[in-house]
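Okay, so here's the structure we're looking at.
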Amino acid sequence: MKTPLIDNLQYCNWSRSIFEQMREGGVDAVHVTIVYHESFREMVLQLEAWNRWFETCGDLIMRGTTAQDVTRAMETGRTAIFFGFQNPSPIEDDIGLIEICHQLGVRFMQLTYNNQSLLATGCYEDEDTGLTRFGKQAIAEMNRVGLVVDMSHSADRSTLEAIDHSTRPIAITHANPAWWHAAKRNKSHEVLSALTSAGGMLGFSIYPHHLSGGPACTLQSFCQMIAEAASKYGAEHLGIGTDLCQDQPDSVVEWMRVGRWSKVIDYGEGSATDAGFPPMPTWFKDNRDFDNIRQGLLATGMTTGEVNGIMGANWHRFYADAFGPA
């Protein structure tokens, strides 16, 4: 069987057309965001919606909760869908809901989404006070049940403390190195070194605000960055987390940035003159374009084994180690 192709972060405006594109692109598994600022009850409504997708598009997609589900998806010509949160809002202030969420099929949870949360500090706050008391206990509970700690939108101190406090490797599912592009959401060399030294995973983002040159970023620049990251941190700790937001209206990016916490518009990585979703680079528009990345990585001189790992085998291995109880 071929090496799996896995994208470890998407938040698209889901449709049968997108699922068909996943199959055309040979995508075997996708970690999808089901929460930005939603409450527990609102999260359950997202699960209901996904159950309908699994029912009506079961020829194209299937629910994923284990690494074995990726293999089963490959064997049956479908894409396994794994659930994740970009904010801990569904667990509210109840540590017992961590296990409930895992039982409901959630496999990734960010401790923050840009702002301070009850667990840690987001990357847009002025002061990073690190993990809270609740955050430390939440990580221990996430470790116990097999819910992956994701620090993609967290500040540096909080991320380093999460890496140190967690007894299992954590993930940064969608970001790029700050030494390539100094965005607030991209990660310092110190963070990436600590993450990968502890066995954690970095998923490279193709969201234009995270790219050097934005929408004009070239495939060569992106792939050379990955090759350099492989030489610094080890190719086995790297994967893809595109942050693809295909077909979403601009009202959704406003929800992502503002939620219900602000009366004024926060433009996040955008600006008043560039408030909506930025256009994707020409070499990655949708799920049919992953082979462009594969060929771009091979052109850097990386080995076929290294490229196969980055395109999905590394995430598959991580899933096998991370999703079950400790």
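The values are calculated or read from the model by the stated rules, or taken from the named source; none is laboratory data. These numbers were taken from a predicted model, which means no experiment stands behind them. Glycine gets a Cβ as well: all are built from the backbone with ideal geometry, and neighbour counts include every protein chain shown. The protein model used for the area step is the full one, side chains on, heavy atoms only, and it has no ligands, DNA or RNA in it. Shrake-Rupley method; radii C 1.70, N 1.55, O 1.52, S 1.80 Å.
Please name which of Asn143, Ala178, Ser117 has its Cα lying farthest along the dipole of the range 114-195 towards the positive end, using unit charges on Cβ (Lys, Arg +1; Asp, Glu -1) and the Cα centre as origin.
Asn143
How many percent of the accessible area of the chain is carbon or sulfur, using a 1.4 Å probe?
Working: 6190 of 12630 Å².
On the chain, the fraction of accessible area on carbon and sulfur atoms equals 49 percent.
Which value, in debye to the nearest 20, gives the size of the charge dipole of the range 168-299 about its Cα centre, when Lys and Arg are +1 and Asp and Glu are -1 at the Cβ? Each step should come with its number before you reach the end.
Numbers: 11 positive and 13 negative charges, 65 e Å.
My answer is approximately 320 debye.
What ranking do 188-199, 263-274, 172-183 get when scored by the average of other Cβ atoms within 10 Å per residue, highest first? Show your work: numbers first, answer last.
Values: 188-199: 17.2, 263-274: 11.7, 172-183: 22.1.
With the highest mean Cβ count within 10 Å placed first, the list reads 172-183, 188-199, 263-274.
Sort out for me the Cα centre separation of the range 5-26 from the range 289-323, rounded to whole Å.
Cα centres, the range 5-26 to the range 289-323: 17 Å.
Work out the charge dipole of the range 236-326 with +1 on the Cβ of Lys and Arg and -1 on the Cβ of Asp and Glu about the Cα centre, then indicate which of Gly296, His316, Pro281 is farthest towards its positive end.
His316
Regarding the range 70-147, what whole-number volume in Å³ per residue does the convex hull of its Cα atoms give?
Numbers: hull volume 7.6 nm³, N = 78.
Spelled out: Cα convex hull of the range 70-147, divided by residues, is 97 Å³.
Please give the net charge around Leu118, taking every other residue with its beta carbon less than 10 angstrom from that of Leu118, where Lys and Arg add +1 and Asp and Glu add -1. Can you show the working numbers first?
Details: positive: Arg133; negative: Glu92, Asp93.
Charge balance in the 10 Å sphere: -1.
Give the relative contact order (percent, whole number) for the range 51-137; include only Cα pairs under 8 Å separated by 6+ residues.
Details: 113 pairs, mean separation 16.7, N = 87.
RCO, the range 51-137: 19 percent.
Given a 1.4 angstrom probe, what's the average accessible area per residue across the chain, in square angstrom? Numbers along the way, then the final one.
On the way: 12630 Å² over 326 residues.
Here the per-residue accessible area is 39 Å².
Under unit Cβ charges (Lys, Arg +1; Asp, Glu -1), what dipole magnitude, rounded to 20 debye, does the chain have relative to its Cα centre?
Numbers: 25 positive and 39 negative charges, 92 e Å.
That gives the chain a dipole magnitude of about 440 debye.
Name the residues whose placed amide hydrogens come within less than 5 Å of the amide hydrogen of Asp274, ignoring near sequence neighbours (fewer than 5 apart) on the same chain.
Result for Asp274 returns nothing.
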